[in-house]
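Comments concern the structure below.
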Amino acid sequence: MKAFGKFCDGNEFEINPDAAHVEACIDGLLENEKRHGLKYCPCRILSGEFEKDVLLICPCNFRAQEKYRTKGECWCGLFSKRGRKMNKGG
């Protein structure tokens with residue numbers, strides 16, 4: 001969790017204030033690391049092709065994604081634009 005906090009320092013985004021949601025995301029990241037060797041985004045489906053899947057390592061480049069540009073949050077809701085009110089469940 002500290003690493004994600006440092007990742008957010010000085011950026012336009014922050015960690016979701018919903019601690020239960022964050023914990024579920026981190027559990028998914030750790031499970032992906034256990035299964036696949038890397039902390040892949042817990043809500044993205046891996047293709048099995050390393051060159052494509054490496055783009056899904058969390059934190060992914062969510063700022064380039066349509067969901068971040070339109071809704072102000074990453075795919076799984078772990079990160080959101082600062083000051084944005086998060087809905088339960090993303």
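The values are calculated or read from the model by the stated rules, or taken from the named source; none is laboratory data. What you see is a predicted model, and the numbers here were worked out from it, not measured in a lab. Here the Cβ positions follow ideal geometry from the backbone for every residue, glycine too, while neighbour counts run over all protein chains shown.
Numbers below:
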| read-out | value |
| --- | --- |
| Test result for G48, loosely packed, with under 15 Cβ neighbours inside 10 Å, part of a loop (DSSP other than H, G, I, E, B) and modelled with pLDDT of 90 or more | yes |
| Matching entry among K81, K71 (being at negative phi, of a type outside the set (F, W, Y) and in contact (Cβ under 8 Å) with a residue 24 or more places away in the chain) | K81 |
| Residue in region 18-34 that is part of a strand (DSSP E or B), free of Cβ contacts under 8 Å to residues at least 24 places away in the same chain and either touching a strand residue (DSSP E or B) at 6+ places or on another chain (Cβ under 9 Å) or at negative phi (or both) present | no |
| Breaking point among (1) without any contact (Cβ under 8 Å) to a residue 12 or more places away in the chain; (2) surrounded by 10 or more Cβ atoms within 10 Å (Cβ to Cβ), for K2 | (2) |
| Residue among L78, L29 that is out of contact with any Pro (no Cβ under 6 Å at 6 or more places or on another chain), surrounded by 17 or more Cβ atoms within 10 Å (Cβ to Cβ) and among the aliphatic types (A, V, I, L, M) | L78 |
| Tally, over region 68-84, of residues that are in a helix (DSSP H, G or I) and either within 19 Å of H21 (Cβ to Cβ) or in contact with a Cys (Cβ under 8 Å, 6 or more places away or on another chain) (or both) | 2 |
| Extreme residue, farthest from L29 (Cα to Cα), among residues of region 56-67 that are outside any loop (DSSP other than H, G, I, E, B) and touching a Lys or Arg at 6+ places or on another chain (Cβ under 9 Å) | R63 |
| Boolean, L38 is part of a loop (DSSP other than H, G, I, E, B), surrounded by 12 or more Cβ atoms within 10 Å (Cβ to Cβ), of a type in the set (A, V, I, L, M, F, W, C) and in contact with an Asp or Glu (Cβ under 7 Å, 6 or more places away or on another chain) | no |
